[in-house]
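Colleague: Below is a structure I'd like to ask you about.
The values are calculated or read from the model by the stated rules, or taken from the named source; none is laboratory data. Only a predicted model underlies this, so the values are computations on that prediction, with no experimental measurement involved. Every residue, glycine as well, gets a Cβ built from its backbone with ideal geometry; the counts of neighbours run over all protein chains shown. Heavy atoms of the whole protein, side chains included, go into the accessibility calculation; ligands, DNA and RNA do not. Shrake-Rupley method; radii C 1.70, N 1.55, O 1.52, S 1.80 Å.
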2 protein chains.
Amino acid sequence: MFQFSINKNFFLQALNTVKRAINTKNAIPILSTLKMEIATEGITLIGSNGQISIENFISIDQENAGLIIDDPGSLLLEANFFISVISSLPSVELELKEIENQQLVIKSGKSEITLKGKDSHQYPRIQEVSPMTPLLLETKVLKELISETAFAASSQESRPILTGVHFVLNDQKQLKTVATDSHRLSQKLIQLENVGDHFDVVIPSRSLKEFTTVFDDTVETVEVSFSHNQMLFKSEYISFYTRLLEGNYPDTDRLIPKEFISKITFNVSSLRQAMERARLLSNATQNGTVKMEIKDNRVRSYVHSPEVGQVDEELETISLTGEDLSISFNPNYLIEALKAIKAEEVELCFISSIRPFTLKGTEEDNLIQLITPVRTH
Amino acid sequence: MFQFSINKNFFLQALNTVKRAINTKNAIPILSTLKMEIATEGITLIGSNGQISIENFISIDQENAGLIIDDPGSLLLEANFFISVISSLPSVELELKEIENQQLVIKSGKSEITLKGKDSHQYPRIQEVSPMTPLLLETKVLKELISETAFAASSQESRPILTGVHFVLNDQKQLKTVATDSHRLSQKLIQLENVGDHFDVVIPSRSLKEFTTVFDDTVETVEVSFSHNQMLFKSEYISFYTRLLEGNYPDTDRLIPKEFISKITFNVSSLRQAMERARLLSNATQNGTVKMEIKDNRVRSYVHSPEVGQVDEELETISLTGEDLSISFNPNYLIEALKAIKAEEVELCFISSIRPFTLKGTEEDNLIQLITPVRTH
C-alpha cells in the first residue's frame, strides 16, 4: 500500500492536466476516475475518455514537486471529487497514504480526509503507440497549425472523416494540414528541417483543440508518433494520446483553384467587422447569406431580411482588380476564416459567382482558405 | 418621425443598463423590446420584465453623450438585436432616423442599417410611484444591506413572502433589513441621519440583486420611494422600479436568541475553508450535514459518508468559552453566512444542539445571523 508526500500546488497542476481527458459523465463509469501509479522514481497520473488519454508524470527529481515516495502502489479515484478535495486542503504539504480496502487517507495541516478509491486493475489499458522515428515539432508551430485549420473541420457526424484534420508528412519534408466541412476549407503547408517517418493520418479536430489547452507555452517541443489507429504527442512529462479517424480523406488538392477573374485586398479587421454586422441580419434570412458585389470599382455588402431589416454598406478596400461580380455566401465562414489570419491584410480571389473563392493573408503563402458560395436563385 | 445623433459608446452604456430589466424570453412578447422616447431635452430608454422596470435618461446636456436632437418621437425595438447592431457599428458617431412604417435607419461611417421597429403605443405603462418624502440613501450603504441579507431569502416559491427581504423604517430613524428562508436568517439594523416617510415593505430579493448591478459605484446616492405595490430607486439619470411582495412578513424579532451556553470565536476565512472541505463530503451524505463538536476545550468538525469517505479535523479557534456541545447543520448555510461577514473574526453562540445558533462578526453589532441545526437522530 503506497505512501507519499507532495506539494499541493504542484500536484493540483498535474491533476488538472490529466482531468482534461476525463469526462465525468462517461458512458464507461470507470473512466470518470483517474489512475495514480506510484513508483520509486515518481508518480504517473492517467485520465482518459476513450478517445483522448493523458498521462502526467511527476518525478521525485522535479523542483517544487516536493515529492517523497515511501512506498509504491496504485489506486483509482473519482477524478472531479478527488481534485476538489485536494484543492480544498489547508496546507501546501500533503501526505497521501493507502489503507485497507482501497481507501486513501490525505493529511494536510490539522485536516484528515479519507476517501474511498477503486482497484487500479479495473482501469483499461491505455494503448501504446508502436515505435517509429518520432517527428520533433515546436509546440508553438503545432498549435498554430491547429488554430489555422481545425476550425474548418465539420462538427457534424454525417461524414465522420470530415470531423478530423488531415496531416500528411511527405518525402520532401513537407507537412500538409488540411480541414474541410465541404462548405469551406483551410490548408496549411510547412517545410520542416528535421523529419521523422512519413505519415498520412486524420486526427479528430476535437482532440487537437484539447491538445492546445494541455500543452502550455512552457513546453517548447513535442515528439509526435503514430500507429495505425492512435497518435501520441509527448513532452518531457506529459503524454497525450488520441485515437485516429478511420477512412480515406477526400483529395482536397484538386479543389484549390489557381486562376481568377477578380482580386480584392481588404484590411482583415475592418472586413471582419463588416461581416459581423452582415451576420446580425443574415441570421434572420432564409438562406443566411450576405451578398458581396463588385461594381464600378467599389465593393458593397448587402443583406435584406423581410422580417428584421437590412444592412447596406460600402466596404473599404486596399486594392481591387478584375471584373465585376456578385457573390453570396455565409458571412460566418468568412468571419472564422479571417480569425485564422495573422496578417493585417487579406486577399480574396474570385473565379465566378458559383465557384469557391480563396483567401490568403498577404505574405502568408503557406495558408490558403476556400469558401463555397451559396446560389441564391 | 424622430431624428437624432449620439455617441455610440455613451448610447451603448445606457442601452445595456436598460437591458438588465429585459428578458428576451418574456411571456409577454412586447416586453422583449425596449422603448426609446425622444423629447427635446433628451432620450429616455425603457426596459421592463413586468417585475422590474428600468428607465435611463440621456440628456442633451450630458458631457460625452454627443446628443443632438432634431425631431422628437418614440419607437419600440427588439432589445437584444438592436443592442447587437449598435455595438457592431464602425464609427462612434451615430445618426438615427425614423422613416415610414416604424422603420429605423442607423448611419455610422459607410454603414447604413435599417431595422423594423414597433409602434410605441403597444408598450405597457410603467406604473408611477405615488409621491412621498423619499429616503435618501448612499448607494454603497444600500448595496451593503443587500449583500448582507438578500442571500438568506428563500429561492423557493412555496412561501412567496420569504423570497423577499423585509425593509422596515421606523420612528427612531432605524432601518431594519431582514431575510430568512426558515433555515437561516440574516438581519441588519442601521441608524439613519436623514429620514423619509416610514415604510414596511417586502422587496423581492431577485430585484435587489439586480439593483446592485444596475447602480455602479459612480452613483453616490439614490432616492427611495414606495407606493402600495411598487418601489422606486432613483438616481440622477436612472430610475429602477420593482414590484413589492404582498402579504405579511413573519415576526422575526422573537427568533433571535439572547442567552447562550457556549461561544466560540473563529478566523472567518479558516472556518470557511474548513466548511468547504466538510461540504465536499456532506454533499454525499443523506442529510447533508457536518457535525461540530466542542469537547475538552477543542472544536472538531466531522462528516462521514458511507459511499465517499470522511473528513475529520480540529478547527482552529481564537477563543472558546462555555459548555461542551455537539451540533449538526448544513455547512452551506455557514459558508454563505461567513461570506456576508466583513470582519476578520466571527463569534458563534450556541444555546443547545437543537436550537438555532447565531453568528456575528467581531465589532459588527448591527449584523446578526441565525442558522438552524438539523436533528440527526
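Colleague: Among the listed residues B:I60, B:I43, which satisfies the condition of being away from chain A (no Cβ under 11 Å) and surrounded by fewer than 21 Cβ atoms within 10 Å (Cβ to Cβ)?
Modeller: B:I60
Colleague: Can you name the residue in the range B:97-121 that is assigned to a strand (DSSP E or B) and of a type in the set (S, T, N, Q) and is also farthest from the other protein chains (Cβ to nearest Cβ) among such residues?
Modeller: B:S108
Colleague: Another question about this same structure. May I ask you to say which residue of A:E37, A:E55, A:E78 is of a type in the set (D, E), within 14 Å of chain B (Cβ to nearest Cβ) and in contact with a helix residue (DSSP H, G or I) (Cβ under 9 Å, 6 or more places away or on another chain)?
Modeller: The unique qualifying residue is A:E78.
Here's the yes/no breakdown for (1) open to solvent by less than 50 Å² (accessible area, probe 1.4 Å); (2) within 14 Å of chain A (Cβ to nearest Cβ); (3) under 30 Å from A:K118 (Cα atoms):
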site: B:Y302; (1), (2), (3): no, yes, yes
site: B:E313; (1), (2), (3): yes, yes, yes
site: B:E316; (1), (2), (3): no, yes, no
site: B:E323; (1), (2), (3): no, no, no
site: B:I335; (1), (2), (3): yes, yes, no
site: B:C349; (1), (2), (3): yes, no, no
site: B:T358; (1), (2), (3): yes, no, no
site: B:E363; (1), (2), (3): no, no, no
site: B:L367; (1), (2), (3): yes, no, no
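Colleague: Considering each of B:L45, B:L94 in turn, give the residue that is modelled with pLDDT of 95 or more, assigned to a strand (DSSP E or B) and touching a Lys or Arg at 6+ places or on another chain (Cβ under 6 Å).
Modeller: Matching residue, one of B:L45, B:L94: B:L94.
Colleague: So B:K25 passes all but one of these: (1) in contact (Cβ under 8 Å) with a residue 60 or more places away in the chain; (2) of a type in the set (K, R); (3) more than 20 Å from B:Y237 (Cβ to Cβ); (4) away from every other protein chain (no Cβ under 14 Å). Which condition number does it fail?
Modeller: (1)
Colleague: Scan the range B:275-291 and tell me whether some residue there is in contact (Cβ under 8 Å) with a residue 12 or more places away in the chain, out of contact with any strand residue (DSSP E or B) (no Cβ under 8 Å at 6 or more places or on another chain) and away from chain A (no Cβ under 13 Å).
Modeller: Yes, the conditions are met somewhere in the range B:275-291.
Colleague: Which one of the conditions (1) touching a residue at least 40 places away in the same chain (Cβ under 8 Å); (2) surrounded by 21 or more Cβ atoms within 10 Å (Cβ to Cβ); (3) within 14 Å of chain A (Cβ to nearest Cβ); (4) over 30 Å from B:P204 (Cα atoms) does B:I264 fail to meet, given that it meets all the rest?
Modeller: That leaves (3) as the condition not met.
Colleague: From B:A152, B:A65, which residue is open to solvent by less than 10 Å² (accessible area, probe 1.4 Å), over 24 Å from B:S239 (Cα atoms), more than 14 Å from chain A (Cβ to nearest Cβ) and hydrophobic (A, V, I, L, M, F, W, C)?
Modeller: Among B:A152, B:A65, only B:A152 is open to solvent by less than 10 Å² (accessible area, probe 1.4 Å), over 24 Å from B:S239 (Cα atoms), more than 14 Å from chain A (Cβ to nearest Cβ) and hydrophobic (A, V, I, L, M, F, W, C).
Colleague: Another question about this same structure. Taking B:S84 and the conditions (1) closer than 26 Å to B:K209 by Cβ; (2) within 14 Å of another protein chain (Cβ to nearest Cβ); (3) in contact (Cβ under 8 Å) with a residue 12 or more places away in the chain, which numbered condition does it fall short on, given that it satisfies the others?
Modeller: Failing condition for B:S84: (3).
Colleague: State all residues of the range A:104-116 that are without any contact (Cβ under 8 Å) to a residue 60 or more places away in the chain, touching a strand residue (DSSP E or B) at 6+ places or on another chain (Cβ under 6 Å) and not β-branched (V, I, T); if no residue qualifies, say none.
Modeller: Going through the range A:104-116, the residues without any contact (Cβ under 8 Å) to a residue 60 or more places away in the chain turn out to be A:104-107, A:109-116.
This time we only want the ones that are touching a strand residue (DSSP E or B) at 6+ places or on another chain (Cβ under 6 Å), so: A:104-107, A:110-116.
Residues satisfying the conditions are A:L104, A:K107, A:K110, A:S111, A:E112, A:L115, A:K116.
Colleague: So B:I86 passes all but one of these: (1) more than 29 Å from A:E276 (Cα to Cα); (2) in a helix (DSSP H, G or I). Which condition number does it fail?
Modeller: The failed condition is (1).
Colleague: Please specify each residue of the range A:102-127 satisfying the condition of being over 33 Å from the mean Cα position of the chain (by Cα), open to solvent by 60 Å² or more (accessible area, probe 1.4 Å) and of a type in the set (S, T, N, Q).
Modeller: The answer is A:Q102, and nothing else.
Colleague: Still on this model: Before we move on, is B:E93 open to solvent by less than 30 Å² (accessible area, probe 1.4 Å) and in contact (Cβ under 8 Å) with a residue 40 or more places away in the chain?
Modeller: Working: open to solvent by less than 30 Å² (accessible area, probe 1.4 Å): no; in contact (Cβ under 8 Å) with a residue 40 or more places away in the chain: yes.
The answer is no for B:E93.
Colleague: Can you name the condition, by its number, that B:T358 falls short on among (1) over 18 Å from B:R272 (Cβ atoms); (2) assigned to a strand (DSSP E or B)?
Modeller: With respect to (1) over 18 Å from B:R272 (Cβ atoms); (2) assigned to a strand (DSSP E or B), B:T358 is out only on (1).
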